[in-house]
1. Which three extents, in angstrom, do the Cα atoms of segment 14-308 have along their principal axes, listed largest first?
2. For residue 255 and residue 70, compute 0.36 nm times the residue count separating them, minus their Cα-Cα distance, and round to one decimal in nm.
3. What order do you get for 73, 204 when you list them from fewest to most C-beta neighbours inside 10 Å?
4. Rounded to the nearest Å, what's the spacing between the alpha carbon centres of segment 246-295 and segment 48-94? Just the number, please.
5. Once the convex hull of the C-alpha atoms of segment 57-172 is built, how many Å³ does it hold per residue, rounded to a whole number?
6. Given the chain, what percent of its DSSP beta bridges are antiparallel, to the nearest 5?
7. Which FRET efficiency, nearest 0.05, do residue 302 and residue 131 yield, Cβ-Cβ r, R0 35 Å?
8. Using a cut-off of 12 Å between beta-carbons, work out the net charge of the residues near residue 71 (Lys and Arg +1, Asp and Glu -1, residue 71 not included).
Amino acid sequence: MPNGADGAPARRLILGAHASDAGGIHTAVLRAAAGSMDALQLFTAIPTYYGDKSSIRAERVERFRTALASTSIEPANVVVHAAYVINTATADEQKWSRSAAGLAKELERSTALGVGAVCFHPGAALGGDPDAATARVARAMTLALEKVPGSTRLLVENTAGAGLTVGRTPHEVGAILADIPSQLRSRVGYGLDTCHLFVAGHDIAASAEAQRAVLDAFESACGEPPSFFHLNDSEGAQGSNRDRHALLGKGKIGTEPFRWLLADRRAAGVPLILETPHREEAESEDNLAPDPNDVEMLQLLRSMALSQA
């Protein structure tokens, strides 16, 4: 078994992508399996709506679970991405209430599916005070976890840092997690998106040492390593706050930083998920093949991993 960046034995890399659910959420599983993925990300509802009133039908759950059981993808390595419109950091009580309800409903749907985690963007601190904003995010997470028992976790995703968005810095992510009651702490965590890190100003592309320092800072502030990574290159420059994903090696981050990340101990044993652009912009529900861009990017990542073995 190869050693990680710290010299310790490395666990396996769990590679996957956000797969299209055209034709139903079970088809996302089948596309991931057809691409020999070990991890999967998907939506359970339309991501441009709160989804606060969208329950999941029993037949959809059964189709999904049956499809997943037919693959080698472990349920723990399936991540559901919550709706983009959810903003649990806002001081607007009406928007916060709906966002909190949407987050709880997402956790309910994902728990029914039996997946490992839900990841979500904390939102923007509309109303000023960033400390109050992180407390509001934690409050929404706490309410969701109290309402929906189970083992599915809620994971905060770092943000690109535009405007008043919360979750750009290690301190902000750590502050959210620190406000979760101790009895619920095992059901929460965080993940890091490489594009978001880069455009938020974190120096992950200068050297392996610089990248390691960024990961160290998040681990120190949060008290634990990331529970997933989103592997995305960036159309925007470092510090631009421009959240536009690019194919690995085709953006401002470049290829080499992803090689460094795969060698880091924190990349092993957690879902490493591509959110890079798809070649098939309008996937057909009759086509259960993985997107060609995902296949190409996974081949690149696997070749990087092999070169380090």
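Throughout, read-outs are computed from the coordinates displayed, never taken from laboratory work. Note that the structure is predicted; figures quoted are calculated from it, not measured. A quick note on method: Cβ atoms are made from the backbone with ideal geometry, for glycine too, and the neighbour counts reach across all protein chains shown.
1. Result, largest extent first: 49, 44, 32 Å.
2. So the chain would gain 63.2 nm between residue 255 and residue 70.
3. Exposure proxy ranking, most exposed first: 73, 204.
4. Using only Cα atoms to place each centre, the spacing works out to 21 Å.
5. 106 Å³
6. So the antiparallel bridges in the chain amount to around 15 percent.
7. For R0 = 35 Å, the calculated efficiency reads 0.25.
8. 0
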